[in-house]
Structures are given as C-alpha cells and as structure tokens.
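Before any comments, here is the structure.
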Amino acid sequence: MEDKTRIIIVTGMSGSGKTQTCRYLEDLGYFCVDNLPPVFIPKFVELCTHAAGHFNKMVFVVDTRSREFFDDLVQVLDDMDKANLDYEMLFMDAADEVIIRRYKETRRRHPMAPATRISDGVFKERKRLETVRAKATYIIDTSNLARTELREKIQQLFGKTDGDTMSIAILSFGFKFGMPLDADMVLDVRFLPNPFYIEELRHKSGSVPEVAAYIEEKPVTQEYLKRLDALIDFLVPQYVREGKSQLVIAVGCTGGMHRSVFVAKHIYDRLAKKGYAINLEHRDLMKNDVWEV
C-alpha cells in the first residue's frame, strides 16, 4: 500500500538548530528544501506528488532569511488548511543568550540585524515569529540539547509515518530550572509532601524506596494519584486516536529531585504496563545535591 504523504515545515529562530534538524530528517529519508519562499510550498508539493517516483516525505525549511517573502507564511498555512493539505510544523527555538553565544562562536551575522548587534536581531526575529510559533505542531527548545539528544527527538517525532504508534515521553523537572518548552501536558506536584525537609531523605531521589514511601503514604498523594490515573487513562487513548505521533508529559516540583521524580515514575510504570512506547527522563535530577538515585 502506498505510504501517506508527510509534509513537514521547519521554521523558528535563527541559530536554534534548523540546519542540523534538516540533516537528521534527510537521514530519515525526507526530501528537504531549504529557504524556499512560502508561497511556492503548495505548488512544489503538487509537483512532487504527481511526478514519477514521487516524494512522499517532504521537508520545507522556511525562516526569516526569506526576508519579505517570509510574511506570506501564515497566509500560505491558512490556504493549506482550507485546501485540506495535511502538514506538520516544527518550530525550533532556543534561549536568547544561547542564540547570541552561538552566533558569536561562529562569527556570523544575524539575518535580522546584519549591521547591528546580534541581540537586536534576536529581539526583532522573536517578535516577527510570534504568530507563526502559535501555529506550530511541535516545538523543540535546543538550549540544553546535545546533538545526539536532538537526533533522538527528531527520530521520535518523524521516524514513523504510519501514524499508528505514538511515543510517550515522561519528563520530571524542577520549576527553578525552567519549564520544558516541548511539553504537551505539565503537571505541577509542588503541593505534595516534600522529602527535602526530612534530613534522612533530603539527598535521596524520588525513586529511592523510602522516599517514594514517604510521599505515597500521605492521604493527599493517594487521592491525587487516583485522580491522575483516571485522567491519564482517559487522555492517552484520545491522543492516539487523534493521530498524535508523540506525547510529552512533564511533571514538575521545585527542584526536580523528589516529588516530580516519584510521580513521573508512577505514570511511566502505569503506561508501560499498558504496552505504550514510552521513555522516562529526569531532566534536573543531577542538578541537585543528590547522593542516592
């Protein structure tokens, strides 16, 4: 049976990793077109899908290098929606200070500020991209991502084309280290009892049995987990039915060491038993003074 055509539009902040992302997508068999004026995307798709030996996996990298042409992107996306032309948009992002550092290291000029400070260009570009970012299907923040981690994320999102398998990423994090920008669902568990204030538990993570027992034995935790299980059991099949390729559930506490680790593992264990493709990551665990994990 002929594979369904998959169209990916990659955009985002200059210096956020769009070029590297395009290379990883090429490795997955996508035909990539870089810096194409948005107005040409629908026609190019038509040509590719009707040509002999047509491409059914296409990537279009569109960003502010297109200058005045870039302003057509939102209208082009609206036209594609009206024409029922399926596409996914990946928005690449990074913190301003990270982008500035990357430009300084490469000694390149920013496309939005070729004759002024890099920070001016970053500010202008972020304002210009606000409307486009709001339409994104996926957002990847590369501020703290190694290349291998970026490759893995691209593989998870775009490595499959049948739409039948949704991968689930469970992520624990600490609010004091910043929110994960790629989360689809954020659970704040800072109301649960905090082992940090128990001396013998302070330096042990939420996956250590005695820490987990301390959190779990409290009535508020038991009531929360009962309600959380019902919510997860309802929502996940809905996302699968909708055709979502990846679901990121982020669980946050203050430091990302105790409560978020415990709840994230609880969700992971429950969904793993149901046979979902799932992985667990404790983003900020080792940023704490932890002696036992």
- prompt: When both residues are 6+ apart or on different chains and their Cβ atoms are under 8 Å apart, which pairs have a first residue that lies in segment 162-187 and is open to solvent by 30 Å² or more (accessible area, probe 1.4 Å), and a second that is among the basic types (Lys, Arg) and modelled with pLDDT of 95 or more?
  reply: PHE175/ARG190
statement: Of the residues in segment 68-78, those that are surrounded by fewer than 15 Cβ atoms within 10 Å (Cβ to Cβ) and not aliphatic (A, V, I, L, M) come to GLU68, ASP71, GLN75, ASP78
- line: With the first residue restricted to segment 70-96 and required to be in contact (Cβ under 8 Å) with a residue 40 or more places away in the chain and farther than 30 Å from ARG147 by Cβ, and the second required to be assigned to a helix (DSSP H, G or I) and open to solvent by 40 Å² or more (accessible area, probe 1.4 Å), Cβ contacts under 6 Å at 6 or more apart or on different chains are VAL74/THR131
message: If the requirement is being aromatic (Phe, Trp, Tyr), crowded, with 21+ Cβ neighbours inside 10 Å, within 17 Å of VAL290 (Cβ to Cβ) and more than 25 Å from the chain's Cα centre (by Cα), which of these qualifies: TYR214, TYR197?
response: TYR214
- request: Return the residue satisfying two criteria in turn: it lies in segment 200-211 and is outside any loop (DSSP other than H, G, I, E, B) and within 15 Å of ASP289 (Cβ to Cβ), and of such residues it is most open to solvent (accessible area, probe 1.4 Å).
  value: LYS204
message: Condition first: open to solvent by 40 Å² or more (accessible area, probe 1.4 Å) and either in a helix (DSSP H, G or I) or touching a strand residue (DSSP E or B) at 6+ places or on another chain (Cβ under 8 Å) (or both). Now tell me which residues in segment 120-138 satisfy that.
response: ASP120, PHE123, LYS124, ARG126, LYS127, ARG128, GLU130, THR131, ARG133, LYS135, THR137
- line: Taking segment 130-149 and keeping only residues that are modelled with pLDDT under 90 and touching a helix residue (DSSP H, G or I) at 6+ places or on another chain (Cβ under 8 Å), one is left with THR131, VAL132, LYS135, LEU145, ARG147
- line: When restricted to ARG259, ARG270, ARG283, the only residue in contact (Cβ under 8 Å) with a residue 12 or more places away in the chain and under 19 Å from the mean Cα position of the chain (by Cα) is ARG283
In segment 233-247, residue nearest to PRO180 (Cα to Cα) [restricted to those that are open to solvent by 10 Å² or more (accessible area, probe 1.4 Å) and not in a helix (DSSP H, G or I)]: GLN246
query: Within segment 150-185, can you find the residues that are hydrophobic (A, V, I, L, M, F, W, C) and modelled with pLDDT under 85?
result: MET166
message: Suppose we filter segment 7-21 for residues that are on the phi < 0 side of the Ramachandran plot and either surrounded by fewer than 20 Cβ atoms within 10 Å (Cβ to Cβ) or in contact with a His (Cβ under 9 Å, 6 or more places away or on another chain) (or both); how many remain?
response: 3
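Quick one: in segment 248-278, which of the residues that are outside any helix (DSSP H, G or I) and of a type in the set (A, V, I, L, M) is surrounded by the fewest Cβ atoms within 10 Å (Cβ to Cβ)?
ALA277
The values are calculated or read from the model by the stated rules, or taken from the named source; none is laboratory data. None of these values were measured; they are calculated from a predicted model. Glycine also receives a Cβ, built like all others from the backbone with ideal geometry; neighbour counts cover every protein chain displayed. The area values use the complete protein model at the heavy-atom level, side chains included, leaving out ligands, DNA and RNA. Shrake-Rupley method; radii C 1.70, N 1.55, O 1.52, S 1.80 Å.
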